[in-house]
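Encoded as structure tokens, the structure appears first; notes follow it.
The values are calculated or read from the model by the stated rules, or taken from the named source; none is laboratory data. Note that the structure is predicted; figures quoted are calculated from it, not measured. Positions of Cβ are generated from backbone atoms using ideal geometry, with glycine treated the same way; all protein chains shown enter the neighbour counts. Just so you know, the surface numbers come from the protein's heavy atoms only, side chains and all, with ligands and any DNA or RNA stripped out. Shrake-Rupley method; radii C 1.70, N 1.55, O 1.52, S 1.80 Å.
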Amino acid sequence: MKIKKGIAVSPGVAVALAVVIDTEDFDIPERHVPVDHAQAELARLKKAVKVSKKEILDLQKRTVERIGKETASIFDFHLGMLADKILQKKFSDTITGDHVTAEYAVATVLRGYAKEFLAMPQYLADRVKDVYDIEKRLLRNLTGQRRQSLSHLAKDVIVLAHDLTPSQAAGMDRRHILGMAIDAGGQTSHTAIVARALGIPAVVGLNDITGEAAGGDTVIIDGNRGTVVINPDEKTLAEYTKIAHEQVEFLHSLDALRDLPAITRDGHEIRLLGNIEFPEEVDTVLEKGGDGIGLYRTEFLYLGADSEPTEEDHYRAYRQVIDTCKDRTVVIRTTDLGADKYTQSRARMPEPNPFLGCRSIRFCLQNLPMFKTQIRAILRASIDAEVSMLFPLITNILELRQAKTIVRDVAEDLEEENLEHRADIPIGMMVETPSAALQCDAFAKEVDFFSIGTNDLVQYTLAVDRGNERVASLFSVAHPAVLRLLKQVIRTGQRHDVPVSVCGEVAGDPVFTLLLLGMGLRIFSCAPSAIPEIKQIIRLITMDNAMRISRRVMGFETDKEVIKYLRVETRSVLPKAMQD
Ligand code: PEP
Ligand code: MG
């Protein structure tokens, strides 16, 4: 038995046999073939390209059906590469010129491409992954091995991978993937976001899980504690199997809460909203008993797309969300590109410190045509609907005023063009830096609501990169400094009658529900899968109790004490809460 510790990114416990993705040794040895074999190798390659194209088209079609057009567009890049004449020529030149196998040609040419991507000024890590994705597909089709498809699994598995490519993550078959363990990444990797959205227990940042476990090993994923157990002994296996069963029963029991209000025992009504990345996720939020959308991360419209979304692309996505939500709240966040959000491609110059660079609202204010396109679509889509607009990463008042001025300008343009729109849309800002939190009394006079983004607030307060597994143990929302900022923003909102929500991951973490309620938080926005459990806790607590807990917590000096205390208190309210 081997126990590995990583970063818990999606809660829950799962036990199943492992499927290891990426264990193939792609270090293809140079294999020379006789000169007169070149034509045969070219024919093999041609066939593999054809089969690969067909597979990608099928995958794209299924992704459109299951997740949506925006996500499916990531495959356009794959198809484009396979159709690329220059690439074809490089393959055939390598085969005929160097007298090598088609496999060797594919591996060397595509690895050369990957290196070029990495060296390019406009380096985009996701594109490199796409190149490797294409390489793997071609090699599989050349060697005749079946690709281990994550979209068509016949049995329940735990997926182990170095990292999932965008196409693997988008095509995953939720029914059979019980858990995921990933070598790379942190809280905001594709894999973490998709795992949370789909409610699959996951641990990332494991360094070498793919080297330490093999396909067919029994693996336990503990997405609450960030632990992975490889080939557990009988006792451990029995313990975890029991926990996994109890968890299924527990989640099942929460289904009954769907149509019940999120209200405390002493009658305080709480708004429980969902975070989404794709319009299709609205259904899950509503199925889980959410009351609307508290954070629509629109940058996912850009994910994998080769060109910027048009006004109509934006409009269609927003209308889909709004129409599915009917008259419920929808908070559309303007594009949060830059830093960890898939967009180094969009930065004109690579940045030495992208988290402190031109990201989010800064990027938008420097790219006005793009920003205005999105705002036009939001204003047009919001007629007769409960929609608000949310600006990310505001750090100073002038920035906020500038963004608001642009909204006014856009509304005037639409007016002049006689296009129906909503000019008086409520405008809120994310509080995700210490500067915004400390100055929130001034901001409160200029916004309609605050939404606290704890993921970024923690990293900027504690100087801990949220995506770096090496400092993950320092990334703690329970740090007393972070808690003080949180409390200050919530209290300031109350004083100014400005609604405050929390939409960072902490809003969906049951360990923190009591504390947040006690601090005065009345709006939670979290991953859809977390909604039922948070609702359950809310319904079991009185506000007096929550306030007592919050007062006590504010007296602690370390995050460890905070977490320990909150776990005990949460268990006393909900003994089966999915927590460590
Ligand atoms: C946050 O920072 O907490 C947040 C919700 O925004 P994102 O995770 O999209 O950066
Ligand atoms: Mg953020």
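Things worth noting here:
- Subset of region 208-239 [among the small types (G, A, S) and more than 25 Å from V511 (Cβ to Cβ)]: G211, A213, A214, G215, G216, A238
- Hits in region 283-316 (condition: of a type in the set (A, V, I, L, M, F, W, C) and either modelled with pLDDT of 95 or more or within 16 Å of ligand 1 (Cβ to nearest atom) (or both)): V285, L286, I293, L295, F300, L301, L303
Residues checked against (1) assigned by TED's automatic domain parsing to the domain that holds R567; (2) in contact with a helix residue (DSSP H, G or I) (Cβ under 8 Å, 6 or more places away or on another chain); (3) small (G, A, S):
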| site | (1), (2), (3) |
| --- | --- |
| K404 | yes, no, no |
| D413 | yes, yes, no |
| E416 | yes, no, no |
| G428 | yes, no, yes |
| S476 | yes, yes, yes |
| S501 | yes, yes, yes |
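- Search result, residues across region 350-375 that are more than 16 Å from ligand 1 (Cβ to nearest atom) and surrounded by 15 or more Cβ atoms within 10 Å (Cβ to Cβ): E351, L365, N367, M370, F371, K372, T373, I375
Okay, residues lined up against (1) free of Cβ contacts under 8 Å to residues at least 60 places away in the same chain; (2) within 16 Å of ligand 1 (Cβ to nearest atom); (3) of a type in the set (D, E); (4) surrounded by fewer than 20 Cβ atoms within 10 Å (Cβ to Cβ):
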position	(1), (2), (3), (4)
R401	yes, no, no, yes
E412	yes, no, yes, yes
E415	yes, no, yes, yes
A423	yes, no, no, yes
P426	yes, no, no, yes
M429	yes, yes, no, no
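- Among (1) open to solvent by 30 Å² or more (accessible area, probe 1.4 Å); (2) touching a residue at least 60 places away in the same chain (Cβ under 8 Å); (3) among the aliphatic types (A, V, I, L, M), the one test that V471 misses: (2)
- Subset of region 431-460 (residues that are within 12 Å of ligand 1 (Cβ to nearest atom) and more than 13 Å from A481 (Cα to Cα)): V431, E432, A436, S451, I452, G453, N455, D456
- Which numbered condition G555 misses (of (1) part of a loop (DSSP other than H, G, I, E, B); (2) in contact with a helix residue (DSSP H, G or I) (Cβ under 8 Å, 6 or more places away or on another chain); (3) not charged (D, E, K, R)): (2)
- Number of the exception - G294 against (1) touching a strand residue (DSSP E or B) at 6+ places or on another chain (Cβ under 6 Å); (2) at positive phi: (2)
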